[in-house]
Amino acid sequence: MADTHRQRFIKALRREPVEGHVPQFELVFFLTMEAFGKVHPSHRFYEQWNQMSYEEQKLQIEDMADIYIKTAQRYNHDAIFVHPNPGGLEETKWLLETIREKTGDEYYIMMHGDTTVGIPDGESMMDFTVKMFEDPDSIHDQQNRWQEAAEKRASALAGTGLLDGFALCSDYAFNVNPFFSSDIFAELVAPHLKTCIDTYHELGYYVIKHSDGNLNPILDQIIDCGPDALHSIDPQGHMSLTEVRKKYGHRICTIGNVNCGLLQTGTDEEAAADVRRCLKEGMDGNYGFIFSTSNCVYTGLPLRRYELMQKIWREEAIYR
């Protein structure tokens, strides 16, 4: 009997041999309007959720679940990354239960679960930078509060069979360098990242660490925190899939790293060449590699380019 999508994905996370096609997924597939005529669930706002009747809430949950499932089915994704809306624990469980009821254990299901600080937005960057040096305790306190809330949620879902793991989506780096120096990352972020990962592992979850940009100066620290996989090994951030696999492939699964910039603005030939480059570098053995873009399938990226990437995957991303 062939493995389910979920089993294939977990084998890759465990760095076990996988037969057939290289496992794949996307952290987010935003082009649901073009693909299915539906707004992506993460774009919805539920200010009136509490005013809805049960039947209306149920329709909203069903619609969200169907979008995630249709995306996975059409594009042969092995995993589904869920954005719970409106986001409360009971609504999250309802959405996860609905996906499981419709698909059984066919797909690996994950949610965001990072409890660490990342790059602040432009409006708060100056204040945050000052705080790093003048009041680091307040940043530790904030991460501790996030950790407490995340652990409570993860514990409530543990053992239900609804959720397989978490993707930690705090970004640490720009294309040139990390926002945090190595010393500051070691003092301010890494201890909380390790606590977060250890907690999820103890509860039986897998953990994927995501960050865009150039992580090279802090990558040793990230890997030492023990994630099962690293996403997205950003080529626009001077990250080499070959080098990451050579140095860390015995410790982590690598996920990525098709150049999103080329998918969006390059020629068809450039985009196709980069897809093949990624597959060649990732398929250096039939283990520990999951195929995806180097970020997500974001709004503005042409759907036909993602479908070109899919065509090459179907025809060429097969372990022999």
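Hey, any idea what % of the stretch 7-96's accessible area is carbon plus sulfur with a 1.4 Å probe? Provide the component values of the computation, followed by the final result.
Details: 1950 of 4200 Å².
Answer for the stretch 7-96: carbon and sulfur cover 46 percent of the accessible area.
Ranked from the most accessible area to the least, with a 1.4 Å probe and all protein chains present, what is the order of Lys152, Lys11? Can you show the working numbers first?
On the way: Lys152 160, Lys11 65 Å².
Ranked from most to least accessible, the order is Lys152, Lys11.
Express the accessible area of the stretch 72-197 per residue in Å², computed with a 1.4 Å probe while the remaining protein chains stay in the model. Walk me through the intermediate numbers first.
Details: 5710 Å² over 126 residues.
With the other protein chains kept in place, the stretch 72-197 gives 45 Å² per residue.
Among the lysines in the stretch 209-320, how many pairs, 8 or more places apart or on different chains, have alpha carbons under 20 Å apart? Walk me through the intermediate numbers first.
Working: Lys209/Lys246; Lys209/Lys247; Lys246/Lys280; Lys247/Lys280; Lys280/Lys311.
Step by step, the pairs that qualify in the stretch 209-320 add up to 5.
Return one whole number: the accessible area per residue of the stretch 1-62 in Å², for a 1.4 Å probe.
On the way: 3610 Å² over 62 residues.
So the stretch 1-62 comes to 58 Å² accessible per residue, rounded to a whole number.
Which one, Tyr298, Gln236, Tyr287, projects farthest toward the positive side of the charge dipole computed for the stretch 196-320 from Cβ point charges (K/R +1, D/E -1)?
Of the listed residues, the answer is Tyr287.
³J(HN,Hα) across the stretch 288-295 via Karplus (A = 6.51, B = -1.76, C = 1.60, θ = phi - 60°), whole Hz, x for Gly/Pro?
Rounded to whole hertz, the list is x, 9, 10, 7, 6, 6, 8, 7.
Rank-order 274-281, 164-171, 1-8, 127-134 by packing density, defined as the average count of other C-beta atoms within 10 Å over each peptide's residues, highest first.
Details: 274-281: 19.5, 164-171: 22.1, 1-8: 15.5, 127-134: 12.2.
Most protected by this proxy first, the peptides run 164-171, 274-281, 1-8, 127-134.
Restricting to DSSP H runs of at least four residues, report the calculated mean residue ellipticity at 222 nm for the chain, -39500 (n - 2.57) per run over all residues, nearest 500 deg cm²/dmol.
Values: 12 runs with 144 residues, N = 320.
Taking each H run of at least 4 residues, the total per residue is -14000 deg cm²/dmol.
Return the equivalent ellipsoid semi-axes of the chain as a descending list in whole Å, where each equals the square root of 5 times an eigenvalue of the C-alpha gyration tensor. Mind dumping the intermediate values first?
Numbers: eigenvalues 152, 142, 78 Å².
Its equivalent ellipsoid spans semi-axes of 28, 27, 20 Å.
From the Cα trace of the stretch 1-48, what convex hull volume per residue do you get, rounded to a whole Å³?
In the stretch 1-48, the Cα convex hull volume per residue is 143 Å³.
For the stretch 218-317, report the accessible area per residue in Å² (1.4 Å probe, heavy atoms, rounded to an integer). Don't jump to the answer; show the numbers that get you there.
Values: 3760 Å² over 100 residues.
Accessible area per residue: 38 Å².
How many Å³ per residue does the convex hull of the Cα positions in the stretch 157-281 occupy?
Values: hull volume 14.6 nm³, N = 125.
Residue-normalised Cα hull volume stands at 117 Å³.
Rounded to the nearest whole Å³, what is the per residue volume of the convex hull around the Cα atoms of the stretch 1-86?
Working: hull volume 10.2 nm³, N = 86.
Per-residue hull volume (Cα only) is 118 Å³.
Quantify, in whole percent, the carbon and sulfur part of the accessible surface of the stretch 219-313 (1.4 Å probe; protein heavy atoms only).
Numbers: 1750 of 3480 Å².
Summing carbon and sulfur atoms, their accessible area is 50 percent of the total for the stretch 219-313.
The values are calculated or read from the model by the stated rules, or taken from the named source; none is laboratory data. From a predicted model like this one, the values you see are computed outputs, not experimental measurements. FYI the Cβ positions are ideal-geometry reconstructions off the backbone, even for glycines, and counts take in every protein chain you see. For accessibility, only protein heavy atoms count, side chains too; no ligands or nucleic acids. Shrake-Rupley method; radii C 1.70, N 1.55, O 1.52, S 1.80 Å.
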